[in-house]
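The values are calculated or read from the model by the stated rules, or taken from the named source; none is laboratory data. Keep in mind that this is a model prediction, so the values were computed, not measured. Here the Cβ is made from the backbone with ideal geometry for all residues, glycine too, and neighbour counts use every protein chain on show. These accessible areas exclude ligands, DNA and RNA; they are computed on the full protein's heavy atoms, side chains included. Shrake-Rupley method; radii C 1.70, N 1.55, O 1.52, S 1.80 Å.
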Amino acid sequence: MDESNGDDTVLDWAGAPSDFQAYGPGFLARTYLVDRALRRLRPDRLLDIGCGRGNVTVIAARHARQVIATDVAQDAVAATTALLATHAGAQAFVADNIAGDWGDVPNDQRRPFGCVLLSEVLEHLDDDVAALETCRELLTDNGCLLITVPANPALWTRWDDLAGHRRRYTKQELVSKLETAGFRVLQITSWGFPLTGWLARRGARMRSRRLDEEHAGGEVPAALRRILPLASIAFKIAARVEPLLSFLDRGDGYVVLAQRDPVTR
């Protein structure tokens with residue numbers, strides 16, 4: 001999705017995530033938790049709102065029989081479509097579900113979903129509670145919402161500005177907003193402590209500095225591009241260990257699984 005925060009220097013959809021997102025410590029930490037949750041859920045139909053490049057959509061497609069991915073940016077949908085080429089039953093469309101715009105999604109695919117996925121989307125929205133309420137209406141009676149968001153306002157960096165973030169969440173705020181929107185939180189896990197979050201913040205500072213300086217080599221240095229695939233092996237190991245420390249609530253983000261409250265609103 002397009003990013004804009006009123007600053008002279010902002011990211012278009014392709015700026016965040018970068019081409020190397022899938023190797024990053026933050027991405028690997030939170031998507032390990034996303035993959036684990038979806039492996040348990042095995043939803044029949046899943047809607048991925050704000051799919052971006054499709055790196056998380058591909059993970060969802062491993063576990064759901066049918067995946068509909070949407071984004072407001074045509075280039076994002078094209079990238080996601082390319083990644084989904086080998087996943088039967090997974091498609092991407094230009095649409096803005098939060099605004100009630102289904103775009104090119106076929107009418108017969110607009111019925112309620114067993115799972116709605118919002119990966120690094122909610123923090124971009126001015127009215128996040130209204131967006132959550134919209135997601136609730138897109139779910140079946142016992143459907144689940146799976147979200148990832150950045151945590152801890154004290155960790156705000158220049159990268160949050162560049163990415164168009166409106167907020168970082170505390171656990172209390174996030175749970176409260178989900179309950180207000182008609183959800184029951186089943187699980188909330190903090191990711192990133194002690195290693196992957198620290199590395200992700202260092203990377204964010206480097207990327208924002210290079211973008212501010214309009215560095216000719218792009219936001220990721222050539223040397224780092226070469227070693228990231230190898231380093232990602234260590235990041236994956238850390239991602240599997242760090243959830244044991246989630247109770248300390250010192251991470252850089254949350255992965256939340258919530259269920260639609262059956263009480264009529």
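Residues Cys135, Cys144: which one is part of a strand (DSSP E or B) and either touching a strand residue (DSSP E or B) at 6+ places or on another chain (Cβ under 6 Å) or open to solvent by 40 Å² or more (accessible area, probe 1.4 Å) (or both)? Steps first, please.
On the way: Cys135 fails: part of a strand (DSSP E or B).
Of Cys135, Cys144, the one residue that is part of a strand (DSSP E or B) and either touching a strand residue (DSSP E or B) at 6+ places or on another chain (Cβ under 6 Å) or open to solvent by 40 Å² or more (accessible area, probe 1.4 Å) (or both) is Cys144.
Any chance the stretch 258-265 includes a residue that's open to solvent by 50 Å² or more (accessible area, probe 1.4 Å), part of a helix (DSSP H, G or I) and either at pLDDT 80 or above or hydroxyl-bearing (Ser, Thr, Tyr) (or both)? No, because not a single residue in the stretch 258-265 is open to solvent by 50 Å² or more (accessible area, probe 1.4 Å), part of a helix (DSSP H, G or I) and either at pLDDT 80 or above or hydroxyl-bearing (Ser, Thr, Tyr) (or both). Within the span defined as the stretch 148-156, one or more residues are among the aromatic types (Phe, Trp, Tyr) and assigned to a loop (DSSP other than H, G, I, E, B).
Yes/no matrix, rows are residues, columns are (1) modelled with pLDDT of 95 or more; (2) open to solvent by 90 Å² or more (accessible area, probe 1.4 Å); (3) in contact with a Gly (Cβ under 8 Å, 6 or more places away or on another chain):
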{"site": "Ser176", "(1), (2), (3)": "yes, no, no"}
{"site": "Phe183", "(1), (2), (3)": "yes, no, no"}
{"site": "Ala200", "(1), (2), (3)": "no, no, yes"}
{"site": "Arg210", "(1), (2), (3)": "no, no, yes"}
{"site": "Ala223", "(1), (2), (3)": "no, no, no"}
{"site": "Arg226", "(1), (2), (3)": "no, yes, no"}
{"site": "Arg240", "(1), (2), (3)": "yes, yes, no"}
{"site": "Asp249", "(1), (2), (3)": "yes, no, no"}
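Selection over the stretch 43-99 of residues that are open to solvent by 30 Å² or more (accessible area, probe 1.4 Å), charged (D, E, K, R) and more than 17 Å from the chain's Cα centre (by Cα) gives a count of 3.
Would you mention how many residues in the stretch 64-78 are in contact (Cβ under 8 Å) with a residue 60 or more places away in the chain and not in a strand (DSSP E or B)?
First, pick out the residues of the stretch 64-78 that are in contact (Cβ under 8 Å) with a residue 60 or more places away in the chain: 71-73, 75-76.
Still in the list and also not in a strand (DSSP E or B): 72-73, 75-76.
Result for the stretch 64-78: 4.
Which condition from (1) in contact with an Asp or Glu (Cβ under 6 Å, 6 or more places away or on another chain); (2) at pLDDT 95 or above; (3) open to solvent by less than 60 Å² (accessible area, probe 1.4 Å) is the one that Gly164 breaks? Result: Gly164 passes all but (2).
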